[in-house]
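J.: One structure coming up, written as structure tokens, with questions to follow.
The values are calculated or read from the model by the stated rules, or taken from the named source; none is laboratory data. Keep in mind that what you see is a predicted model, and the values were worked out from it rather than measured. No Cβ is skipped: glycine too gets one built from the backbone with ideal geometry, and neighbour counts run over all protein chains shown. Surface accessibility is based on the protein's heavy atoms, side chains included, excluding ligands, DNA and RNA. Shrake-Rupley method; radii C 1.70, N 1.55, O 1.52, S 1.80 Å.
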Amino acid sequence: MDDSYKKYVVVGGLTYPGMATAPEVYGGKGRVKLSWLRGTDPSVVKARVFWNNYLDSVEVNIPKTGDTISVIINNLQEQQYTFDIVTYDNKGNKSVAAEVLGAAYGDIYQASLLSRPITKVAMHDQGVANITWGAANITGGAYATEVTYTTLSGDQSSKRFLVNEQTSDIFDIKPNIPFKYRTIYLPDSLAIDTFYTNFVNVNSLLFDKSSWQVIDFSTEHDNSVDNRVSNIIDGDPGTRWHTNVNTSYYPHFVTVDMQTSKSITAFEIYRMTGDNRACDRFELAISQDNISWQVLGIMILTEIQMPGRCIRSKESPRPGILNLQGCPDRSVIW
């Protein structure tokens, strides 16, 4: 009656060493790291990790001490893998396989990375720059942005800012020197390798204008939020200064005290959008003392909708006072 199963019976039974406990896979760039807990079976002397349907494997010696066993597998193609970990005792008995899933990353993942955009950089006095960040590709693994810049002392420095920061400050950046930044990615929370986007160069810094003051101007239509002269330095292209519509004439002007002398490479002027009555010729002048003035040039803005017009200065002057003048022939709204 035993003939049907007798040939399958192993005399003395089978011995199964303790299997790998709590295995984890840490993805990397063309490689992975596997780790698992040693377990309580002292007879285990080695393990073998299999992948590609047991076509590839690597042997791992189990040291006599330590709580965690780990191995790095290199030269992997970028894809998902199933790894089977089998342990062995000194008699060659093997355990039940412990299966764990993981991935290696490479050029395909690298090509999907997006730089976190900068929406604004405001330059304060004494070398303080405030960066306003756009949305980061968190679902793709973005976790920080690295900014490389020149310090006030002329040295190169780098700082990292986490993606949960909406704004970041650098307190020792040298004005008028371009900086660069890149976004840092981890493809998953257990990844052992970091990926980077290409550097993005930032060649201009906008001054923070919160302390600037309008010290002279021609007229206001009224001092309402929609028309007041301080709108010209509020940083919002959607607001306007409206000169008096009944009693004022060209030239319309505004003089702004920047409080401190600043090294400036360019000025950008925004014309009021959506209204073809806006002034289309502007003269920009700078001064140190509000007495002697240097005219930088005349800008012509002819389009109703436009992002702004820039006047660049080759000499990087250090004025403390600006004067902007609307020239004929246009209406008093600009």
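J.: Rounded to the nearest 500 deg cm²/dmol, what is the calculated helix-only ellipticity per residue at 222 nm for the chain, with -39500 (n - 2.57) per DSSP H run of length n ≥ 4?
T.: Mean residue ellipticity, 222 nm, calculated: -500 deg cm²/dmol.
J.: In the set (1) 22.7; (2) 25.8; (3) 20.9, which value of Kirkwood radius over Cα pairs in Å was calculated from the structure you see?
T.: Only one option fits the structure, namely (2).
J.: Hey, another quick one. As I understand it, the dipole of the chain uses +1 on the Cβ of Lys and Arg and -1 on the Cβ of Asp and Glu, about the Cα centre. Which of 321, 118, 102 lies farthest toward its positive end?
T.: Towards the positive end, the residue furthest out is 102.
J.: Right, here's the next one. Working with all protein chains in place, sort 194, 167, 247 by solvent-accessible area computed with a 1.4 Å probe, largest first.
T.: Largest to smallest exposure gives the sequence 247, 167, 194.
J.: Same structure, new question: Compute the distance from the alpha-carbon center of the stretch 50-78 to that of the stretch 225-261, in whole Å.
T.: 69 Å
J.: Enter the accessible area of residue 96 (Å², nearest 10), with the probe set to 1.4 Å and all protein chains included.
T.: Counting only protein heavy atoms, the figure is 80 Å².
J.: Shifting gears a bit: For the chain, what is the charge dipole size about the Cα centre, in debye to the nearest 20, if Lys and Arg each add +1 at the Cβ and Asp and Glu each add -1 at the Cβ?
T.: 780 debye
J.: Compare 262, 46, 64 in a GNM of the chain, Cα atoms joined below 10 Å, and give the one with the largest fluctuation.
T.: Answer for the Gaussian network model of the chain: 64.
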